[in-house]
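Student: Structure below; questions to follow.
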Amino acid sequence: MDETGEVTRLLGEIGRGEKAAMNQLLPLVYDELHRLARSYFRRERGEHTLQPTALVHEAYIKLVDQRAPMESRGHFLAVAATQMRRILLDYARKHRAARRGGAGQKVMLEDTMAICEQAPVDMIALDEALTRLSALDAEQARLVELRYFGGLSVEQTAEVLGVSPATVKRAWSSARAFLHREMTGGSPDTRAMGADPSGI
């Protein structure tokens, strides 16, 4: 069985509650988890008390307790990315609280995201914008997590969400436009939520 097939098999066992499979899974996905963690830290500005390896281990511990079924390697990485984002968000909130309302932890947004032309962007502010997006369109918010935070390709995102790549491209463009306006203080526009038939 190839590595991808083995990951799928182990994810099936984990979904059936076989916790021991998590220990077998880690060596197969560790490099990808570490790549995800490093991508987060490349966006960080300034000193950070958490290191990529520690982030991988903290996220993995949370994944051990994950109850939702994970059907593929892409789905697993998407869930891992979400866990990493939540961990870093918690750190940012603690950092802000420690500074008594300071600026919070900053993240550098990649050009491919194009949410905001002014970098860095406050991680907490980005999370708040994603929360507003989720209230309007939960699928688009999930897509942002998969594409931006999870680093998944259009095709991988389509697989996880069970939609076509063309749908992912349209929703990605729409979500970016909405978040850009939110992060730059613009007004929400219904076209940003997919009402514009012209797509990307």
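Student: Test residue 140 against the criterion of being within 14 Å of the chain's Cα centre (by Cα), closer than 16 Å to residue 73 by Cβ and touching a residue at least 12 places away in the same chain (Cβ under 8 Å), and give yes or no. Before the answer, list the steps.
Tutor: Working: within 14 Å of the chain's Cα centre (by Cα): yes; closer than 16 Å to residue 73 by Cβ: no; touching a residue at least 12 places away in the same chain (Cβ under 8 Å): yes.
Judged against the criteria, residue 140 is not a match.
Student: Right, residue 4: at pLDDT below 80, farther than 21 Å from residue 149 by Cα, part of a helix (DSSP H, G or I) and open to solvent by 60 Å² or more (accessible area, probe 1.4 Å) or not? Write out each step before concluding.
Tutor: On the way: at pLDDT below 80: yes; farther than 21 Å from residue 149 by Cα: yes; part of a helix (DSSP H, G or I): yes; open to solvent by 60 Å² or more (accessible area, probe 1.4 Å): yes.
Criteria met by residue 4.
Student: Being loosely packed, with under 15 Cβ neighbours inside 10 Å, at pLDDT below 85 and not in a helix (DSSP H, G or I): is that true of residue 49 here?
Tutor: Numbers: loosely packed, with under 15 Cβ neighbours inside 10 Å: yes; at pLDDT below 85: yes; not in a helix (DSSP H, G or I): yes.
Answer is yes for this residue.
Student: I would also like to ask the following. So if I check each of 54, 59, which one is small (Gly, Ala, Ser), modelled with pLDDT of 80 or more and surrounded by 16 or more Cβ atoms within 10 Å (Cβ to Cβ)? Walk me through it before giving the result.
Tutor: Values: 54 fails: surrounded by 16 or more Cβ atoms within 10 Å (Cβ to Cβ).
Every option except 59 fails the conditions.
Student: Identify, please: which residue in segment 155-177 is surrounded by 17 or more Cβ atoms within 10 Å (Cβ to Cβ) and either touching a Phe, Trp or Tyr at 6+ places or on another chain (Cβ under 8 Å) or β-branched (Val, Ile, Thr) (or both) and is, among those, nearest to residue 79 (Cα to Cα)?
Tutor: So the residue we want is 160.
Student: Could I ask something else about it? Looking at 74, 12 in this structure, which one is open to solvent by less than 50 Å² (accessible area, probe 1.4 Å), out of contact with any helix residue (DSSP H, G or I) (no Cβ under 7 Å at 6 or more places or on another chain) and at pLDDT 75 or above?
Tutor: Numbers: 74 fails: out of contact with any helix residue (DSSP H, G or I) (no Cβ under 7 Å at 6 or more places or on another chain).
Being open to solvent by less than 50 Å² (accessible area, probe 1.4 Å), out of contact with any helix residue (DSSP H, G or I) (no Cβ under 7 Å at 6 or more places or on another chain) and at pLDDT 75 or above holds for just one of 74, 12, which is 12.
Student: Now, a different point. Of the residues 125, 92, 129, 97, only one is in a helix (DSSP H, G or I) and at pLDDT 80 or above; which? Spell out the reasoning first.
Tutor: Numbers: 125 fails: at pLDDT 80 or above; 92 fails: at pLDDT 80 or above; 97 fails: at pLDDT 80 or above.
Every option except 129 fails the conditions.
Student: How do the pairs read when you match residues in segment 27-38 that are part of a helix (DSSP H, G or I) and among the aliphatic types (A, V, I, L, M) with residues anywhere that are modelled with pLDDT under 85 and open to solvent by 50 Å² or more (accessible area, probe 1.4 Å), using Cβ under 7 Å and keeping only pairs 6 or more apart or on different chains?
Tutor: That search, which allows pairs on different chains as well, returns 28/3.
The values are calculated or read from the model by the stated rules, or taken from the named source; none is laboratory data. Quick caveat: nothing in here was measured; it's all calculated off a predicted structure. No Cβ is skipped: glycine too gets one built from the backbone with ideal geometry, and neighbour counts run over all protein chains shown. Areas reflect the complete protein model, heavy atoms only, side chains present, ligands, DNA and RNA absent. Shrake-Rupley method; radii C 1.70, N 1.55, O 1.52, S 1.80 Å.
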